[in-house]
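J.: Dropping a structure here in structure tokens format, bear with me for questions.
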Amino acid sequence: MTEQEQGTGVNFHTRKWIKPEDLNPNKSLFGGSLLRWIDEEAAIYAILQLGNYNVVTKLISEINFEASAREGDLVELGIVATHFGRTSLTMRAVVRNMITRRTILTIEKIVFVNVDEHGNPTPHGYRGITYERDRTPRQHPRTVT
């Protein structure tokens, strides 16, 4: 991980290949598909940072679409933690088209809340980001394995 990624840049990312099923009638990337991917990646990141499978999306702030993508393009979704609350984790997301090098969208604030088995907010006990895997949950919530 570079110093930029550890500072203000992205510290968790994934890549997607735009396929026909990801397109809208205009033959460009469907925004709903992109938002689903972002929510899923943010959830995975929250699980890894909070050490708990029981996290829920609380808030997604204004979404600023700047460009798009077409079939065959490769996009990169980046997430960075910006704040640890008592029961929550706040993140920022950026999506870039790797082919055109343009930013597709930014979301300044995505908030996930750590919840107990009844869905109530519960303290997670962390103050900052980890780059280690020590917070990865050791048991799956459905199978307890």
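The values are calculated or read from the model by the stated rules, or taken from the named source; none is laboratory data. From a predicted model like this one, the values you see are computed outputs, not experimental measurements. All Cβ positions, even for glycine, are placed from backbone atoms using ideal geometry, and neighbour counts span all protein chains on display.
Residue-wise test of (1) crowded, with 20+ Cβ neighbours inside 10 Å; (2) in contact (Cβ under 8 Å) with a residue 40 or more places away in the chain; (3) not in a strand (DSSP E or B).
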| site | (1), (2), (3) |
| --- | --- |
| GLU76 | no, yes, no |
| ARG96 | yes, no, no |
| ILE99 | no, no, yes |
| ILE110 | yes, yes, no |
| THR136 | no, yes, yes |
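J.: Further, regarding this structure: Can you find a residue that is surrounded by 13 or more Cβ atoms within 10 Å (Cβ to Cβ), closer than 15 Å to ILE38 by Cα and either at pLDDT 95 or above or over 12 Å from the mean Cα position of the chain (by Cα) (or both) anywhere in segment 114-128?
T.: Within segment 114-128, not a single residue is surrounded by 13 or more Cβ atoms within 10 Å (Cβ to Cβ), closer than 15 Å to ILE38 by Cα and either at pLDDT 95 or above or over 12 Å from the mean Cα position of the chain (by Cα) (or both).
J.: Criterion first (touching a helix residue (DSSP H, G or I) at 6+ places or on another chain (Cβ under 9 Å) and touching a residue at least 40 places away in the same chain (Cβ under 8 Å)) does TYR53 satisfy it? Spell out the reasoning first.
T.: Details: touching a helix residue (DSSP H, G or I) at 6+ places or on another chain (Cβ under 9 Å): yes; touching a residue at least 40 places away in the same chain (Cβ under 8 Å): yes.
Yes; evaluated as a whole, the condition is true for this residue.
J.: Continuing with this model, one more query. Do any residues in segment 30-46 that are farther than 17 Å from THR90 by Cβ have Cβ atoms under 6 Å from those of residues that are surrounded by fewer than 16 Cβ atoms within 10 Å (Cβ to Cβ), where the two are at least six apart or on different chains, and which pairs are they?
T.: Qualifying pairs under 6 Å: PHE30/ASN24.
J.: Could you check, for segment 59-67, whether at least one of its residues is surrounded by 14 or more Cβ atoms within 10 Å (Cβ to Cβ), more than 30 Å from HIS124 (Cα to Cα), of a type outside the set (D, E, K, R) and at pLDDT 95 or above?
T.: Scanning segment 59-67, I find at least one residue that is surrounded by 14 or more Cβ atoms within 10 Å (Cβ to Cβ), more than 30 Å from HIS124 (Cα to Cα), of a type outside the set (D, E, K, R) and at pLDDT 95 or above, so the answer is yes.
J.: So GLU71 ticks every box in (1) among the acidic types (Asp, Glu); (2) under 17 Å from the mean Cα position of the chain (by Cα); (3) within 30 Å of PRO20 (Cβ to Cβ) but one. Which box is left unticked?
T.: Looking at each condition in turn, GLU71 falls short on (2).
J.: Here is a follow-up. Sort out which residues of segment 42-58 are hydroxyl-bearing (Ser, Thr, Tyr) and surrounded by 19 or more Cβ atoms within 10 Å (Cβ to Cβ), and write them in order of number.
T.: Listed by number, the list holds a single entry, TYR45.
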